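The block underneath contains the structure these notes are about, expressed in structure tokens.
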């Protein structure tokens, strides 16, 4: 639910600023019911080599690496590229993989040019600057709560999001 609220907020910001349809729990449940048995979704769930499944897995793992970078930046540590790549490859070891992904990971480990390009593109995709800590401004707890409510749409989403992140 919180993800849907964040998605809505991002789309409003990316679009022309006009309000989109309100995302409610009922709407998300309707989407799930509508799409869970759709042929395309079933193909993504069952076929490891499906192009959309690969995109989803890559996004998931890159987002975990990005969170790793943010956690280290909060402690004052800049994550070097070799550690970024090591974390990404290690996270893939926990996922089911196809031969295509295994070949990609092998290229990342063996070829310096491929490593360099992947790190550069990763930093561009996630808006990270080389050698710079991604830090957040220090905010009062009241300001932080107001921003969270504005970002996530409703006060009840904030504790739910925090629980999801901590697990």
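The values are calculated or read from the model by the stated rules, or taken from the named source; none is laboratory data. Fair warning: this is a prediction, and the values are worked out from it, not measured in the lab. Note that each Cβ is placed from the backbone with ideal geometry, even for glycine, and that neighbours are counted across all protein chains shown.
Numerical summary
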read-out: Hits in the range 33-44 (condition: part of a helix (DSSP H, G or I) and exposed (fewer than 11 other Cβ atoms within 10 Å of the Cβ)); value: 33, 34, 39, 40
read-out: Flag for residue 54 being in contact (Cβ under 8 Å) with a residue 40 or more places away in the chain, closer than 28 Å to residue 31 by Cβ and in a helix (DSSP H, G or I); value: yes
read-out: Meets criteria (closer than 21 Å to residue 120 by Cβ, crowded, with 16+ Cβ neighbours inside 10 Å and in contact with a helix residue (DSSP H, G or I) (Cβ under 6 Å, 6 or more places away or on another chain)) for residue 81; value: yes
read-out: Failed item in (1) surrounded by fewer than 15 Cβ atoms within 10 Å (Cβ to Cβ); (2) at pLDDT below 85; (3) assigned to a helix (DSSP H, G or I), with residue 151 passing the rest; value: (1)
read-out: Residue in the range 87-98 that is closer than 16 Å to residue 128 by Cβ, more than 14 Å from the chain's Cα centre (by Cα) and in a helix (DSSP H, G or I) present; value: yes
